[in-house]
1. Which entries in K213/K264; K125/K264; K159/K209; K113/K151; K125/K159; K159/K213 show an alpha-carbon gap greater than 25 Å?
2. Using only the Cα atoms of region 184-234, each taken as one equal point scatterer with no solvent, compute I(q) by the Debye sum, divide by I(0), and report log10 of the ratio at q = 0.13, 0.14, 0.18 Å⁻¹.
3. Among bridges DSSP assigns within region 77-199, what percent are antiparallel (round to 5)?
4. Can you give the relative contact order of region 1-146 as a percent, counting alpha carbon pairs under 8 Å and 6+ residues apart?
5. Using a ≥ b ≥ c from the Cα gyration tensor of region 79-146 (square roots of the eigenvalues), is it rounded, prolate or oblate, where a/c under 1.5 gives rounded and otherwise the larger of a/b and b/c decides, a/b for prolate?
6. Determine the dipole magnitude for region 126-240: charges of +1 sit on the beta-carbon of Lys and Arg, -1 on that of Asp and Glu, nothing else is charged, the reference point is the Cα centre, and the result goes in debye to the nearest 20.
7. Any idea what Rg and Dmax come out to for region 126-240 if you just take the C-alpha atoms, in Å?
8. Would you kindly derive the ³J(HN,Hα) couplings of region 20-26 from the backbone phi angles with the Karplus curve 6.51 cos²θ - 1.76 cosθ + 1.60 (θ = phi - 60°), listing them in order in whole Hz, with x for Gly and Pro?
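Quick note: the coordinates plus some simple rules give every number you see, no bench work behind them. All values derive from a computational prediction rather than experimental measurement. Glycine also receives a Cβ, built like all others from the backbone with ideal geometry; neighbour counts cover every protein chain displayed.
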Amino acid sequence: MGQGMDFEFSDDQRAVRDAAERICQDFPDSYWLARDEDGVFPHEFHAAMAEGGWLGIAMPVENGGAGLGITEAALMMQTVAASGGAMAAASSIHMNIFAPHPIVVHGTDEQKKRMLEPLIRGEQKACFGVTEPDAGLDTTRITTRAVKDGKTYLVNGRKIWISTAQIADHIMLLCRTTALEGCARPTEGLSLFYTPLDRDHIEVREIPKMGRKAVDSNTLFIDGLTIPEEDLIGGEGQGFSVLLQGLNPERILIAAEALGIGRKCVRQVPCGRSHQFNLYSVAFCGLRSNISLSLSGLCSTQKAPDKILRSRRSRGTNLSGTSTAIPE
Ligand SMILES: Cc1cc2nc3c(=O)[nH]c(=O)nc-3n(C[C@H](O)[C@H](O)[C@H](O)COP(=O)(O)OP(=O)(O)OC[C@H]3O[C@@H](n4cnc5c(N)ncnc54)[C@H](O)[C@@H]3O)c2cc1C
């Protein structure tokens, strides 16, 4: 970290954190425990965040958003994760914060109005369809194919690990419009679409998993899906760089959420003397101290997200500024 960095939050940033905290207080541990047991999406929490205007925290003001930056978005997500909701709470709104950002940066005015505004109001929910069974971290290996025919694209393929596809009505979908073999570079020939999740042509199969039960994970079988050309975000074949407008801020948000969960753990683990449970108390104290040490190690040695976010260089930048806002 260079000299002259200011790690203090501004009054506005403190206000964001306090407001998010107030909403989270209406969703106590008992609410999240119930969602963890019944596996039902936390619609009430999503609606409360939408009503407070928080789903549009980093969206343009002219589309009903708050026009704030990655610092504020990360602070909000850290606060949400640090409530009892942890990853279930964060994941239920996470998609709204980072996934639509390619539309913010590359969308036309018509697309921003049509796509962003219902998301911000909480009337629509979106999922993010990138990962495939044979293409995880190496996104360029995806094979879901979109073939243009007149004014529409015909799409066939398969996606995996797609969060919230059970309840989403729209999908941000990455496809190949040119086969990998036909491209000079692997990052070419990809195209990004934001389109209705048409269940007549997308079969959504839930993957049973341990943890974050209230936010579903799915395999998607896409068979003969038609996407109108007006749902293409950015240029055809430009999908990889367009997608990065969402993936880059996502990394910051995930880090902030993880730190929020860590802080909740430290606060939650009981540490005190009790005659009856003395042994447990000692064990818990050890656990709390281990978690604290891990967190402080993370903070001091690995560019803690909140320190990064609180640097002056990142303050107030919009989400697309994240790749340049992180101090070396
Ligand atoms: C709960 C959950 C929710 C998710 N939600 C979504 C979602 O909503 N939308 C979506 O599109 N995706 C989603 N994903 C997918 C997630 O983005 C991928 O899991 C991630 O991109 C990693 O891909 P992978 O699991 O195929 O791992 P892989 O790419 O197979 O990597 C596995 C491991 O191998 C290592 N590795 C990979 N390649 C190399 C190499 N060449 N050399 C050395 N090491 C290598 C990696 O570092 C990693 O440790 C979700 C995943 C989970 C678990």
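1. K125/K264
2. Debye output, listed in q order: -0.50, -0.56, -0.80.
3. Counting DSSP beta bridges with both partners in region 77-199, the antiparallel share is about 70 percent.
4. 23 percent.
5. Judged from the Cα gyration tensor, region 79-146 comes out oblate (a/c at least 1.5, b/c at or above a/b).
6. Using Cβ point charges on Lys, Arg, Asp and Glu, region 126-240 gives about 380 debye.
7. When restricted to Cα atoms, region 126-240 yields Rg and Dmax of 13.7, 44 Å.
8. 5, 4, 5, 5, 4, 4, 6
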